[in-house]
Amino acid sequence: MSQEERRRYSRITFDAPANLRSDTVDLTAKVLDLSLKGVLLELETPQTLPKCTYMLGIALSPDMEIQMELELAHTEENHVGFVCRHIDLDSLS
């Protein structure tokens, strides 16, 4: 069984800019795929990111943004995977 078949939450391919922030990090990233339980980002250059809580903002329109609280799960070159700890549902309406 492949990793995709084992996933409990559907991932959607997504192509949008996002802002990744923590106490020590402020980066622009590209969202590659997204689910209710995680997100895969592409950074402009490979980064060594600390294990901490991150906030991700994904602009859907000039006045609508998804806000996610994330925890670092894995890195591979300039691709970074995060587990979603919280999604601001008010930001989705």
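The values are calculated or read from the model by the stated rules, or taken from the named source; none is laboratory data. Remember, it's a predicted structure, so these values are computed and weren't measured experimentally. Every residue, glycine among them, receives a Cβ derived from its backbone with ideal geometry; neighbour counts consider all protein chains shown.
Could you give me the residue pairs with C-beta distances under 8 Å whose first residue belongs to region 43-72 and is part of a loop (DSSP other than H, G, I, E, B), whose second residue is exposed (fewer than 12 other Cβ atoms within 10 Å of the Cβ) wherever it lies, and which are 6+ apart or on separate chains?
Within 8 Å, the pairs are 44/28; 46/77; 50/24; 52/23; 52/24.
Take region 43-70 and flag every residue that is acidic (Asp, Glu) and surrounded by 14 or more Cβ atoms within 10 Å (Cβ to Cβ).
Matches in region 43-70: 65, 69.
Inside region 2-22, can you point out the residues that are at pLDDT below 95 and part of a loop (DSSP other than H, G, I, E, B)?
2, 7, 8, 9, 10, 11 - these are the residues of region 2-22 that are at pLDDT below 95 and part of a loop (DSSP other than H, G, I, E, B).
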